[in-house]
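**Q** Next up is a structure, given as structure tokens.
The values are calculated or read from the model by the stated rules, or taken from the named source; none is laboratory data. Note that the structure is predicted; figures quoted are calculated from it, not measured. Methodologically, a virtual Cβ is constructed for each residue, glycine included, from the backbone with ideal geometry; neighbour enumeration extends over all protein chains shown.
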Amino acid sequence: MSVAQNLSTVKSIIAEAARKAGRAAGDVTLVAVGKMQPQEKIMEALEAGQRVFGENRVQEARGRWEPLRARYPDIKLHLIGPLQTNKVKEAVALFDVIQTLDREKLARALADEMKKQDKFLPCFLQVNTGGEAQKSGLAPEDTKAFLQFCRNACGLRVEGLMCIPPVDEPPEKHFAMLRGLARDYGLAGLSMGMSGDYGQAVALGATHVRVGTALFGDRSSLREGL
Ligand SMILES: *Cc1c(COP(=O)(O)O)cnc(C)c1O
């Protein structure tokens with residue numbers, strides 16, 4: 001299957017899940033996850049009209065996207081991987097949305113850098129819905145206080161929540177938890193759902209789904225050395 005064919009399949013699954021949930025397909029943004037994928041596949045997606053992409057690593061994303069920005073000025077790049085404070089400057093310069101805001105130190109660093117660059121990016125708070133020790137993200141019960149901190153103390157534009165459910169659990173309860181938190185705190189954005197479960201995520205209210213393998217194929221053969 002070509003990337004263009006995969007794109008059209010994924011979009012129709014999103015549209016169908018949205019329709020069933022009484023939502024408009026246009027309410028869901030497909031974030032194509034390019035991490036560890038060969039450049040030809042990314043180019044195919046661009047040629048097929050895809051403009052919203054997600055990347056995990058600042059360095060990898062820079063190498064790929066800086067040269068393409070001039071040719072595709074309408075690209076939107078979402079940072080979906082953990083952000084270290086020493087990469088904040090590069091991240092603010094490169095990305096359009098930061099989806100992985102999860103701690104005070106990072107919030108302060110982002111706020112300072114956005115002021116310096118006069119570039120006030122929308123952010124999503126990453127919530128560790130499964131309480132996994134190895135995973136980044138806020139504890140669900142800390143979401144409210146952290147949201148207030150980001151807005152009031154840092155002046156950040158927080159527009160939504162993001163989660164990555166544990167791999168060994170059905171994702172629905174995590175999606176429902178994230179939706180509940182977003183509703184409680186009046187946040188419109190919900191970034192949830194990946195290749196294996198974006199249909200369910202749309203059914204449960206996702207506004208952004210992050211899809212890699214279903215568009216570009218398996219990354220595993222490229223993983224060595226990374
Ligand atoms: C890699 C990644 C994805 C995409 O995963 P697929 O299963 O390939 O669709 C989505 N979100 C995050 C945070 C990721 O790191």
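**Q** Which one of these does C163 not meet: (1) closer than 30 Å to T9 by Cβ; (2) touching a residue at least 24 places away in the same chain (Cβ under 8 Å); (3) out of contact with any Phe, Trp or Tyr (no Cβ under 8 Å at 6 or more places or on another chain)?
**A** (3)
**Q** Please pick out the residue among A203, A182, A153, A176 that is at pLDDT 95 or above, under 19 Å from A17 (Cβ atoms), in contact with a Lys or Arg (Cβ under 9 Å, 6 or more places away or on another chain) and more than 10 Å from the ligand (Cβ to nearest atom).
**A** A203
**Q** Could you grab me the full set of residues in segment 6-57 that are among the acidic types (D, E) and part of a strand (DSSP E or B)?
**A** Matches in segment 6-57: E55 only.
**Q** Additional query: Out of all the residues in segment 100-117, is one or more of a type outside the set (A, V, I, L, M), over 27 Å from T9 (Cα atoms) and within 16 Å of the ligand (Cβ to nearest atom)?
**A** Taking every residue of segment 100-117 in turn, at least one turns out to be of a type outside the set (A, V, I, L, M), over 27 Å from T9 (Cα atoms) and within 16 Å of the ligand (Cβ to nearest atom).
**Q** Here's something else I'd like to know. Do you know which residues across segment 60-81 are within 16 Å of the ligand (Cβ to nearest atom) and out of contact with any Asp or Glu (no Cβ under 8 Å at 6 or more places or on another chain)?
**A** Residue satisfying the conditions is E60 alone.
**Q** Collect the residues in segment 130-149 that are under 25 Å from V28 (Cα atoms), buried (at least 17 other Cβ atoms within 10 Å of the Cβ) and more than 13 Å from the ligand (Cβ to nearest atom), keeping them in residue-number order.
**A** If the condition is that a residue be under 25 Å from V28 (Cα atoms), buried (at least 17 other Cβ atoms within 10 Å of the Cβ) and more than 13 Å from the ligand (Cβ to nearest atom), then G130, L138, P140, T143, L147 are the ones that fit.
**Q** Which number in (1) in contact (Cβ under 8 Å) with a residue 40 or more places away in the chain; (2) within 16 Å of the ligand (Cβ to nearest atom); (3) over 20 Å from Q5 (Cα atoms) marks the one condition that A32 misses?
**A** A32 satisfies every listed condition except (3).
**Q** Please indicate, with yes or no, whether at least one residue in segment 89-110 is outside any helix (DSSP H, G or I), touching a His at 6+ places or on another chain (Cβ under 7 Å), among the polar types (S, T, N, Q) and within 17 Å of G189 (Cα to Cα).
**A** Looking through segment 89-110, at least one residue is outside any helix (DSSP H, G or I), touching a His at 6+ places or on another chain (Cβ under 7 Å), among the polar types (S, T, N, Q) and within 17 Å of G189 (Cα to Cα).
**Q** Please list, ordered by first then second residue, the pairs with beta carbon atoms under 8 Å, 6 or more apart or interchain, first in segment 81-99 and farther than 16 Å from W65 by Cβ and polar (S, T, N, Q), second assigned to a helix (DSSP H, G or I) and away from the ligand (no atom under 14 Å from the Cβ).
**A** Going by the 8 Å Cβ cut-off, the qualifying pairs are T85/K105; T85/L106; T85/A109.
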